[in-house]
Amino acid sequence: MATSKANVAKRNIKALAVFAFFRGAGVSTFMTLFPSYMIDLGYNMADIGTVASLSSIPCIALLPFVGILLDSIGRKPIAILTGFTAVFALFIPALTGRYELLILAYALFFFSFIAGQPSRSALLADSIDEELGTAFAKTFMPFHIARAIFPFAAGYLTEIYSYNPVFLSFSLITVIGTIFFAFYSIEPTRKREKIRLKEELKNAFVLEKSILKLYVFAIVDRFAWQLWFPLLNAHFKELGMATSEIGVLNSIASATLFTAATFSGKLIDRIGPIKGLSLSEGIAVLSALLLSLASSRPASVFSVVLIGFSFSLWIPAYNVMIANASSQHQRGKAYSKMNTFRTAVAIPAPQIGGFLYDAFTPSLPFILSILLMMSNISLIWIQKRK
């Protein structure tokens, strides 16, 4: 039985790692090109923020059902679905620049992100019992290897061939990784419970007191980041950077994350997820501060390096904390519920950030984010001491 468990763990780590690489190619291309694509189409920051805000609404409505499906039909089918939603998110802007369809594209991308994370994380947590932080690092490192390589390539190719063929090419690349994962991964054996839809939907909106501080921290963190992060590449575009330069900055952020990931998972296993989340938040404050004060290229490089370090700590710390706080048969709902609350509260954040950027000063979304993050750090440390 132990050997069987070890084989499942080994196979799923490989499947998730390969999937992560191809998915990273598509996701990084979308994140790098989509905001600058909208700027080149003539849209402003408020328009981009509105797209990000509106596209999150249907995803929030679906997330409670995602959690139920994860714990009933399994983690693997949902993970495969999120792979194909990423494919179509890239396919749509390859064909059109219509505002309504761009909202749909971003909604598919966003669903792929927020539903994919709980499905993949629950699959991995079911497959391995020890050193979860290290295991999570192994599976997200290929994602960020891809994100270190492909943003520059996508930006450079866009300047040669335009946006549309690049979106289409990376849509096809994402298909390859999704198909590999579908055929190679294994759904771990676990206890399955009968679905009680009414009860499950009711519980989907109930906060567990045992991890209430994590809910608050994750919600505030998400809102603070969403004030400016969906606008970041458009911000670089407004500073006069070429698409290839924006791609380089995205590649640097992911290269930093990949480099830091070699020790961040082990660090989280040693210091614990609470300290890891606090450290991640502190580094994010420094990044937002730099973005609010400076507009030079060297300052932009340093800011994205800090973003990479922040993410490298957040990802394993967040996943380990939820995995440790949930039982195996409830783990899918635990990840989905956390994503539901933190994403729902942050729905208006990109629109607010875009409005503040256009109406007042570009530094204002960053400053507001800094204040929220600093409050967040204080909150989690007060709760820890209690």
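Observations on the structure shown:
- Protein heavy-atom accessible surface, 1.4 Å probe, per residue over the chain: 41 Å².
- Over the chain, the Kirkwood radius and the radius of gyration, each from Cα atoms, give a ratio Rg/Rh of 0.94.
- Helical segments meeting 20 Å axial Cα length and Kyte-Doolittle 0.0 threshold in the chain (DSSP H): 2-40, 45-72, 75-95, 99-127, 132-161, 163-184, 212-226, 243-271, 273-293, 297-325, 364-385
- Normalised by the number of residues in region 47-110, the mean separation of alpha-carbon contacts (under 8 Å, six or more apart) gives a relative contact order of 48 percent.
- Three-way shape label, region 59-167, alpha-carbon gyration tensor, a/c 1.5: oblate
- Relative contact order of the chain, taken over Cα pairs closer than 8 Å and 6 or more residues apart, is 30 percent.
- Oblate is the label for region 1-60, because the ratio a/c of its alpha-carbon gyration tensor axes (a ≥ b ≥ c) is 1.5 or higher and a/b is not greater than b/c.
- Taking 1.306 mPa s as the viscosity and 10 °C as the temperature, the Stokes-Einstein diffusion coefficient of region 229-332 based on its alpha-carbon Kirkwood radius rounds to 108 µm²/s.
- For PHE263 and MET374, the difference between the fully extended length at 0.36 nm per residue and the C-alpha to C-alpha distance is 37.4 nm.
- Summary value for region 214-364: 38 percent relative contact order, contacts being C-alpha pairs under 8 angstrom separated by 6+ residues.
- In region 1-123, the ratio of gyration radius to Kirkwood radius, Rg to Rh, stands at 1.06 when only Cα atoms are counted.
- Taking 0.36 nm per residue of sequence separation and removing the Cα-Cα distance, the LEU172/TYR184 pair yields an extension gain of 2.4 nm.
- Packing, as the average of other Cβ atoms within 10 Å across residues, places the peptides 87-100, 109-122 in the order 109-122, 87-100, highest first.
- Estimated FRET transfer efficiency when R0 is 45 angstrom, pair ALA359-ILE271 (beta carbons, to 0.05): 0.60
- Taking the accessible area of region 262-304, probe 1.4 Å, and keeping the other protein chains in place, the carbon and sulfur fraction comes to 68%.
The values are calculated or read from the model by the stated rules, or taken from the named source; none is laboratory data. Everything numeric in this text was worked out from a predicted model, so none of it was measured. For neighbour counting, all protein chains shown are included, and Cβ atoms are generated from backbone atoms with ideal geometry for every residue, glycine included. Side chains are part of the model used for accessible areas, which takes the heavy atoms of the whole protein and leaves out ligands, DNA and RNA. Shrake-Rupley method; radii C 1.70, N 1.55, O 1.52, S 1.80 Å.
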